[in-house]
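Read through the structure below, which is laid out as structure tokens, and then see the notes.
The values are calculated or read from the model by the stated rules, or taken from the named source; none is laboratory data. Predicted, not measured: the structure shown is a model, and the values here were computed from it. Cβ placement follows ideal geometry from the backbone for every residue including glycine, while neighbour counts extend to all protein chains displayed. Only protein heavy atoms, including side chains, enter the accessible area calculation; ligands, DNA and RNA are left aside. Shrake-Rupley method; radii C 1.70, N 1.55, O 1.52, S 1.80 Å.
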Amino acid sequence: MSRLLLSASLIAAFTLPAVTAAACPFCSAVSQTFSEEIDTMDAIVIARLSHAPLLPKSGDFNIQVKKSKFEIVQILKGEKHLDKHRKVEILYFGEAPKGAVFLLMGVEPPVIKWSTPTRLTTRARKYISQIIKLPKEGPQRLVFFQEHLEDVDEMLARDAYDEFAKAPYAVVKGLKDKMHHDRLVEWIKTPEVPASRRRLYLTMLG
């Protein structure tokens, strides 16, 4: 499909006003991005599960739920708020094996309140470590997230999409010369790609 035909398809498919919106006019973010969460947190760490107590049996309401123990292996934010032992105890009800890696985010030091641990793949751990170093705005930021659109790790694919959906439209346009045209066309033609994402990819091509 030529660029001209694709642009015509966009006009026919979306009868919205001219592109003056602050963000992508055809996209809606799914959730808060990792970057947004990180900005609101006092402490961000990568930690390894070192001990997880047995989960109580179904219907057993008398047993006291014990916390799981995590060992911090990388501090991404808020080192001054963490003690030197680098140990964290949090309620965790998953079934991850000992040694599994998690993202832990906390607020309100000095006694940090930790949010629910998020398990990370190797790709996700690298992703989180990289996004905290990105510029806060501008096309160069989207260059990074473009590489994770339709990522094999669905959590990263969703986050990358949300970054584009929330980016000012002018910034998305600023990515023009660095967009992966053929890759975008392929995703648009793939029925398994969610409609919301295909709308973004049509917008990027248009």
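Among the listed pairs 67/126; 77/178; 113/133; 80/166; 69/98; 69/113, those whose Cα-Cα separation exceeds 20 Å are 67/126; 77/178; 113/133; 80/166.
So, in Å, what gap is there between the alpha-carbon centers of region 142-196 and region 65-131? With region 142-196 and region 65-131 each reduced to a Cα centre, they are spaced 28 Å.
Here residue 147 sits with roughly 90 square angstrom of accessible surface, probe radius 1.4 Å. Here is the list for region 87-182: chymotrypsin sites (Phe, Trp or Tyr not before Pro) lying in DSSP coil, each with at most 16 other C-beta atoms within 10 angstrom of its C-beta, are 93.
Here the label points at residue 143 and residue 129, each 7 Å from Cα along the C-beta direction, are separated by 2.1 nm in the simple model.
For residue 178 and residue 77, a Förster radius of 30 Å and the Cβ-Cβ distance give a FRET efficiency of 0.60, rounded to the nearest 0.05. If you roll a 1.4 angstrom probe over the protein chains with everything in place, what fraction of the accessible area of region 116-177 belongs to carbon and sulfur, to the nearest %? Using a 1.4 Å probe with all protein chains present, region 116-177 comes out at 52 percent carbon and sulfur. Among the trypsin sites (Lys or Arg not before Pro) in region 146-206, those placed in a DSSP loop whose Cβ has at most 14 other Cβ atoms within 10 Å are 189.
Taking R0 as 22 Å, what's the FRET efficiency between residue 192 and residue 96 from their Cβ-Cβ distance, rounded to 0.05? E between residue 192 and residue 96, to the nearest 0.05, is 0.20.
If you plug the beta carbon distance of residue 121 and residue 67 into 1/(1 + (r/R0)^6) with R0 = 25 Å, you get a FRET efficiency near 0.55. Each residue of region 194-206 is assigned a 3J(HN,Hα), and the resulting list reads x, 4, 4, 6, 5, 4, 4, 5, 5, 5, 5, 6, x Hz, derived from the Karplus form 6.51 cos²θ - 1.76 cosθ + 1.60 (θ = phi - 60°), x at Gly and Pro. Computed with a 1.4 Å probe over protein heavy atoms only, the accessible surface of region 31-162 comes to 60 Å² per residue.
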